[in-house]
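All remarks here apply to the structure that follows.
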Amino acid sequence: MGDLRVENPKTTEAFVAALAEQMVKLPLGVSEDEPGVVFDADGETVFVVDVNNERPDDQVEQIAMWIVLAVNTCGGFKLEMQ
């Protein structure tokens, strides 16, 4: 298997710009209707956690929320308690 090369952005702005180059606009969000579906600020699906449906929905929802929290935090967004 070949090496995977990842260029790490050095600033929040560079991270946001790198996502924008891939047509992903922050902040990300999780679907309330479809467990594991993560979408961007424009409502476009970015990825699906557990696409093969091997985990229980509550685990999938939690994993998706953690990933969204991490990506949004790296993009300069702060967690808001609801």
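Quick notes
- Neighbour counts of C-beta atoms inside 10 Å place Leu26, Leu69, Leu79 in the sequence Leu79, Leu69, Leu26, starting with the fewest.
- Pairwise Cα distances in the chain exceed 17 Å for 52 percent of all pairs.
- Neighbour-count ranking [beta-carbon atoms within 10 angstrom, fewest first] of Lys25, Lys78: Lys78, Lys25
- Within the stretch 30-70: backbone nitrogen closer than 20 Å to the Ala18 label point (7 Å, Cα to C-beta): 39-41, 46-48, 66-70
- Rounded to whole Hz, the Karplus (6.51, -1.76, 1.60) HN-Hα couplings of the stretch 48-64, x for glycine and proline: 10, 7, 6, 4, 8, 6, 9, 10, x, 4, 5, 5, 4, 4, 5, 4, 4
Every number here is computed from the coordinates shown, using simple stated rules; none is lab data. Because the structure is a prediction, the values reported are computed rather than measured. Don't worry about glycine lacking a Cβ; one is built from the backbone with ideal geometry, like all the others, and counts go over all protein chains shown.
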